[in-house]
Every structure is written in C-alpha cells, then in structure tokens.
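Everything on this sheet refers to the single structure shown next.
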Amino acid sequence: MAITFTLGRPEMTKALLRVLRGEPVWPPPVWLMRQAGRYLPEYRAVRATVPDFIALCTTPDLATEVTLQPIRRYALDAAILFSDILILPWALGQGLAFKEGEGPVLPPIRDEAAFGLLDPSRVARNTAPVMETVRQIRASLTREGFESTTLIGFAGAPFTVACYMVEGSGSRDFAATRTLAWQNPSLFDRIIELLIETTTQYLSAQVQAGAEVLMLFDSWAGVLAPSRFRRYVIEPTRRIVVALRERFPDVPVIGFPRIAGPSVEAYAHETGVSAVGLDTAMDLARVVPMLPETVAAQGNLDPLALVAGGAAMAEETQAILAAMRGRPFIFNLGHGIVPQTPPEHVAALIEMVRAS
Ligand code: CP3
C-alpha cells in the first residue's frame, strides 16, 4: 500500500527526496547505477557520433540527451548526470584517455613532481560544460513532464579517484596506490587533501547549476585496511559532507563505500551522509540494523541477476523489498548495470518494484 503525505513544498512530493529526509515511502523510489550506457541502443547511437567518451561527457547537448534516455524509457525516480568520476582528474590537468576494451588510462602520479603538475585553478573552467549539462537536464526534465524525477549530481570520493590517479588505470587491488599510501603518506595525504577541496568545489557548482541530490562513489573503499579506511574514506567523506551541508543544508548526499563490509557501520554513523549505497555482497538483514535510523539505504540487486531476468531476478528483488519494507529505502543495483543487460529486463524490474 502506498503511504502518502501532503507536504507544502512541491519538490517534497518527489519520492527520492522524501526518502532522503527519512520517510519510509512505499513503493520505494527506484533508479539504477549506470542507467545511461551501452545496454541501450539509443546510447550507442549517440556514442557513435563522438570521437571519445570524454567528448560525450563535455558536450552538454549530448550528455543531456543520454541522461534523459533511460528516463524516457522507464520514468525512473532519479536522473543521474551523465559524466564520469575521472572528469575531475582530467579537469585538474592529469591526462585521461578511455581505451576501447581497456578502460581509463592516466599518467600515474607517484611522486611530488607529478603531483605538482596538477592545477586546481583550472577545475572551474574545465568543468563548465558539466554545469551547463546540469542546467539543461533540469530544464529538459521539466519540459518533458518528468516532474517527479530528481536530478542526482555526483563525483568520485577522494580515495577512489586517488586510486585511478596513482595507479594510472583500473586494477584488481590497486596495489601501487595502497603501497604509496603506506610508504609516502605525506604525498598521499596531499593528493587526498587536494581532492577534498576540489571535489567540494565541483559538487557545490553542480548544486548551483541545479543538482538536487549528490552522490559520492567510493568504488574501491573496500580494498583498505580498517585504519586506512578511517583516514582515506570516512574522514575525507565527512569533511566534504560538512562543507556541503554548511552551504546547502537541504541537499542530501548519498555515499557508496563499495565492498566496505562491516566498516559500513562506522561510515554510516560518522560521515554524515543522508543515505548509504549498499553493494551486491551486503546481506541486508544483517547490515540494515547497523545503520542509524535517520540514514536511508540504497541497493542492492546483483546487476547479473538483472541480466538473467525471469524467476531469479524476481525472487531476489522480492527478498530485497521484503527486507526493506517500512524503512527509508531506494531500490537500486549493488553496482553499475552491465552492457549485456536486456532493456526489457530493466522494464520488468521497475514494474515489479512499483507494484510492491
Ligand atoms: O550512472 C550513470 O548512468 C551516470 C554516468 C556514470 C558513468 N560512470 C558513465 C560511464 C557514472 C556515475 C560513472 C561512475 C564511475 N566511473 C565509477 C564509480 C561507479 C563504479 O562503477 O564503480 C567509476 C569507478 C568510473 C570509472 C570508469 N568510467 C571506468 C572504470 C570506465 C571503464 C569501464 C566501462 O564500463 O567502460 C568508465 C567509462 C564509462 N563511464 C562508461 C560510462 C557509460 C562507458 C564508456 C563508453 O560508453 O564507452
């Protein structure tokens, strides 16, 4: 049964915002990480018109178009800005290329000399197209009648962005990054410090351009030893949340400390985030009682159950819904949607969540 409240401000009728303020809205709002992307033929068509992925992220008309594609198909409760967590290192002047089939490649930063080449004074100018995209998405959502869809802006959390900046590419375990953090903590602290400042600035600009919610992706939080998790995940996230809340007290922040395991409890209590994203491996029945009652949860269907569809997806989805009923909850995947996902499975999933 749907729980309805009458509230004064029109934006408060948006289900995602209500959940992020602690209301157990049911059926829960739903969106999917990486909802714009290669599983959609209309995305591949736009992608084919640009030379590279960075050009797609920095061309506001195209980035707006691909942001809206999944909303037009599924009327999701959230649109997420089409960009990438690596746009910030790119904007700082670190080179970045996305190689076909290889993922991102950057010149690694492992000494003071390489760090010294980064230039925070360039961030505002280089990310201006992203802010234009945010403005265009808000205008398009209104123009196309998606009044209940909330716009999420985002950045990578400092540790995960530092992983790519130091490693110079994706990695299974980010061994070079973790070694640098142990061997040269003063350099690693300077990298994290620079990312705290520039991420706060970059997210603030997204709010000023029209983002209604912010999300911090900490995809590699779980590779750290507990003492380093506190120093490089919890503390930087807390500082960003405090700084944002001072400027924008009403803008909720969703944190996603992926593969953090039991450390998610300290993360949820200490960072000040409004919601915590739970990854695929999280057992909701065990984890949810650890979270403060004021912190909403988001997650966590296995993206590969969505690829499989059918009974497997249905059973897993119902189990998640049953575990979360009555709590402030946002239905999502436990990690990003994968390119081989059949779009009709996404439609079936959304329908199932909305019928709950
Ligand atoms: O969710 C959305 O639809 C919004 C856009 C978005 C993208 N990346 C688009 C993208 C978001 C929120 C991200 C976040 C991101 N980017 C993360 C954190 C979340 C996670 O998945 O853990 C990370 C670690 C990255 C870095 C990144 N970007 C990698 C490792 C890759 C290559 C792997 C891949 O999937 O190709 C990317 C590229 C990327 N980012 C694509 C998209 C749609 C594919 C590029 C293409 O279309 O060619």
Ignoring ligands, DNA and RNA, what percent of the accessible area of the chain is carbon or sulfur (1.4 Å)? 54
Enter the accessible area per residue of the chain (Å², integer; probe 1.4 Å; all protein chains in place). 40
Sum of side-chain charges, A128 neighbourhood, beta-carbon under 12 Å (Lys, Arg +1; Asp, Glu -1): +2
Counting only other residues whose beta carbon sits under 13 Å from that of A281, what net charge do I get with K and R as +1, D and E as -1? -1
Multiply the residue separation of E42 and R190 by 0.36 nm, subtract the distance between their alpha-carbon atoms, and state the gained length in nm to one decimal. 49.1 nm
Output ³J(HN,Hα) for segment 152-168: one whole-Hz value per residue in order, computed from phi by the Karplus curve 6.51 cos²θ - 1.76 cosθ + 1.60 with θ = phi - 60°, and x for Gly and Pro. 9, x, 7, 8, x, 6, x, 5, 5, 5, 4, 3, 5, 5, 7, 5, x
Quick check: the angle from helix 235-247's long axis to the longest principal axis of the chain, C-alpha only, nearest 10 degrees? 70
Just how far, in whole angstrom, is segment 24-41 from segment 67-128 if you go by their alpha carbon centroids? 22
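Over the chain, what is the relative contact order in percent, taking alpha-carbon pairs closer than 8 angstrom and at least six residues apart?
21
Let me have the 222 nm mean residue ellipticity of the chain computed from DSSP H runs of 4+ only, each contributing -39500 (n - 2.57), with the sum over all residues rounded to the nearest 500.
-13500 deg cm²/dmol
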Round to the nearest 10 and give me the degree value, 0 to 90, for the angle of helix 128-143's Cα axis relative to the longest principal axis of the chain. 10
What is the P(r) of the chain, as percent of Cα-Cα pairs per 10 Å bin from 0? 5, 26, 36, 26, 7, 0
How far apart, in nm, are the 7 Å Cα→Cβ label points at D173 and E102? 2.3
Collect residues whose amide H, placed 1.01 Å from N in the peptide plane, falls under 5 Å from the amide H of F248; neighbours closer than 5 in sequence don't count. none
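The values are calculated or read from the model by the stated rules, or taken from the named source; none is laboratory data. What you see is a predicted model, and the numbers here were worked out from it, not measured in a lab. Note: ideal-geometry Cβ built from the backbone for every residue, glycine included; neighbour counts use all protein chains shown. In case anyone asks, the SASA skips ligands and DNA or RNA and just uses the protein heavy atoms, side chains included. Shrake-Rupley method; radii C 1.70, N 1.55, O 1.52, S 1.80 Å.
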